[in-house]
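S.K.: Okay, handing you the structure first.
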Amino acid sequence: VTEEERAAELKKTKTIPPVNRLAVDIVELEALRKSVEDFFCFCYGKALGKSTVVPVPYEKIQRDQSAVVVQGLPKGLVFKHPANYDVSTLKWILENKSGISFIIKRPFLEPKKHLG
């Protein structure tokens, strides 16, 4: 999706007359984002061999895109924080969860804490 398409889409949603419908859309969008974020954290934890959810280091993955591979996303869709996806992409991700997985090629090491 280009910036122009996104701007056009935003303009359309801002011009929807019923205010209540827009409020529902925003609530639905936030719920979808939260669901996708939870799912990504589950996948990331699973890829690390943990049975718990692990926060996804989105910024680190953006900087070093070869460290983590996300399989199962549509061709051309770049992995990023769910807040950056539109409603249709979020719904697609949730509808296709079974085909999406993370592969950790190089784990991100936390910097060692220096004593004293």
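S.K.: About its Cα centre, how strong a charge dipole does segment 23-104 have in debye, to the nearest 20, once Lys and Arg get +1 and Asp and Glu get -1 at the Cβ?
M.R.: About 340 debye.
S.K.: Which order do Ser88, Ser98 take when ranked by solvent-accessible area (1.4 Å probe, heavy atoms of all protein chains), largest first?
M.R.: Ranking Ser88, Ser98 by accessible area, largest first, yields Ser98, Ser88.
S.K.: Can you give the accessible area of Lys80, probe radius 1.4 Å, in Å² rounded to 10?
M.R.: Solvent-accessible area, nearest 10 Å²: 60 Å².
S.K.: Right, next: Would you mind computing, in nm to one decimal, how far apart the modelled labels at Lys50 and Arg63 are, each placed 7 Å from Cα along Cα→Cβ?
M.R.: 1.9 nm
S.K.: Once the whole set of protein chains is in place, how much accessible area is left on Glu95, using a 1.4 Å probe, in Å² to the nearest 10?
M.R.: Taking all protein chains as shown, Glu95 has close to 140 Å².
S.K.: Please list Ile61, Ile26 from largest to smallest accessible area, probe radius 1.4 Å, with all protein chains kept in place.
M.R.: The ranking, largest first, comes out as Ile26, Ile61.
S.K.: Take the residue pairs Lys75/Lys97; Lys34/Lys75; Lys46/Lys97 and return only those whose Cα atoms are more than 21 Å apart.
M.R.: Lys34/Lys75, as the Cα separations exceed 21 Å there.
The values are calculated or read from the model by the stated rules, or taken from the named source; none is laboratory data. Everything quoted here is computed from the prediction, not taken from an experiment. Backbone-built Cβ (ideal geometry, glycine too); neighbour counts: all protein chains shown. Calculation scope for accessible area: heavy atoms of the full protein, side chains included, ligands and nucleic acids excluded. Shrake-Rupley method; radii C 1.70, N 1.55, O 1.52, S 1.80 Å.
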